[in-house]
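Everything on this sheet refers to the single structure shown next.
The values are calculated or read from the model by the stated rules, or taken from the named source; none is laboratory data. Since the model is a prediction, treat every value here as computed from it, not as a measurement. Note that each Cβ is placed from the backbone with ideal geometry, even for glycine, and that neighbours are counted across all protein chains shown. Protein only, heavy atoms only, side chains kept; ligands, DNA and RNA dropped before computing areas. Shrake-Rupley method; radii C 1.70, N 1.55, O 1.52, S 1.80 Å.
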Amino acid sequence: MTLFCDAWTSSIDTPSFATAALDLLFEHSTRGLLNLAAAEVYSKEDFIREIATKMGCTLSRATSGSVHDVLPGRASSLGLDVSRAQKILPYELPGLSQVVAKLIKQAGL
């Protein structure tokens, strides 16, 4: 498996997203456009490695690679700036480690 070290994302687990979205709408009457995602931007490689670590798996055949080496071309920067949402919410959005832990728990693993 090739893990993209230069493809960036800020994926969030569904329950965290839903809680924050509902809080922004109903508790804070937020209107307008804002990004809602994980609190940090991380590489897809970091995401997969964090899943493996939390599950106690070794990625013995995984290699680090570039998204720019894949055809057809793919976007490499999908991370979102969540600073507006963070200023409104009275709590922090989850980071990579928290998102992965919630995903593993949801999957029952």
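Has segment 60-75 got any residue that is surrounded by 14 or more Cβ atoms within 10 Å (Cβ to Cβ), out of contact with any Ser or Thr (no Cβ under 8 Å at 6 or more places or on another chain) and under 28 Å from Gly108 (Cβ atoms)? Reasoning before the result, please.
First, pick out the residues of segment 60-75 that are surrounded by 14 or more Cβ atoms within 10 Å (Cβ to Cβ): 62, 65, 67.
When the remaining residues are screened for being out of contact with any Ser or Thr (no Cβ under 8 Å at 6 or more places or on another chain), the result is none.
No, segment 60-75 has no match at all.
On the basis of being surrounded by fewer than 16 Cβ atoms within 10 Å (Cβ to Cβ) and either free of Cβ contacts under 8 Å to residues at least 60 places away in the same chain or within 23 Å of Gln106 (Cα to Cα) (or both), does Thr9 make the cut? Let's see the steps before the verdict.
Working: surrounded by fewer than 16 Cβ atoms within 10 Å (Cβ to Cβ): no; either free of Cβ contacts under 8 Å to residues at least 60 places away in the same chain or within 23 Å of Gln106 (Cα to Cα) (or both): yes.
Taking the combined requirement at face value, the residue does not satisfy it.
List every residue pair whose Cβ atoms sit under 7 Å apart, with the two residues 6 or more apart in sequence or on different chains, where the first one lies in segment 51-80 and is in contact (Cβ under 8 Å) with a residue 12 or more places away in the chain and in a loop (DSSP other than H, G, I, E, B) and the second, anywhere, is open to solvent by 70 Å² or more (accessible area, probe 1.4 Å) and of a type outside the set (D, E, K, R).
Listed pairs, sorted by first residue: Arg61/Met1; Ala62/Met1; Ser76/Trp8; Ser76/His68; Leu78/Trp8; Gly79/Trp8; Gly79/Val41.
Scan segment 13-32 for residues that are under 17 Å from Lys87 (Cβ atoms) and assigned to a loop (DSSP other than H, G, I, E, B) and report the count.
5
Determine, yes or no, whether Gln106 is outside any strand (DSSP E or B), out of contact with any Gly (no Cβ under 9 Å at 6 or more places or on another chain), at pLDDT 95 or above and open to solvent by 30 Å² or more (accessible area, probe 1.4 Å). Spell out the reasoning first.
Working: outside any strand (DSSP E or B): yes; out of contact with any Gly (no Cβ under 9 Å at 6 or more places or on another chain): yes; at pLDDT 95 or above: no; open to solvent by 30 Å² or more (accessible area, probe 1.4 Å): yes.
So Gln106 fails the test.
Among the residues of segment 87-103, is any surrounded by 15 or more Cβ atoms within 10 Å (Cβ to Cβ), in a helix (DSSP H, G or I) and touching a Pro at 6+ places or on another chain (Cβ under 8 Å)?
Yes, that holds for at least one residue.
Yes or no: Ile88 touching a residue at least 12 places away in the same chain (Cβ under 8 Å) and more than 17 Å from the chain's Cα centre (by Cα)?
So Ile88 fits the description; yes.
Where the second residue is not acidic (Asp, Glu) and the first is free of Cβ contacts under 8 Å to residues at least 60 places away in the same chain and lies in segment 15-33, which pairs have Cβ atoms under 7 Å and are six or more apart or on separate chains?
Phe17/Leu36; Ala21/Leu36; Thr30/Leu24; Thr30/Ile88
Every residue in segment 29-58 that is polar (S, T, N, Q), farther than 11 Å from Ser97 by Cα and open to solvent by 70 Å² or more (accessible area, probe 1.4 Å), please. Before the answer, list the steps.
In the first step, residues of segment 29-58 are kept if they are polar (S, T, N, Q); the result is 29-30, 35, 43, 53, 58.
Narrowing the set further to residues that are farther than 11 Å from Ser97 by Cα leaves 29-30, 35, 43, 58.
If the condition is that a residue be polar (S, T, N, Q), farther than 11 Å from Ser97 by Cα and open to solvent by 70 Å² or more (accessible area, probe 1.4 Å), then Ser29, Thr58 are the ones that fit.
What are the residues in segment 28-49 that are among the polar types (S, T, N, Q) and at pLDDT 95 or above, if any? Break it down stepwise before answering.
Restricting attention to segment 28-49, the residues satisfying the condition of being among the polar types (S, T, N, Q) are 29-30, 35, 43.
Asn35, Ser43 - these are the residues of segment 28-49 that are among the polar types (S, T, N, Q) and at pLDDT 95 or above.
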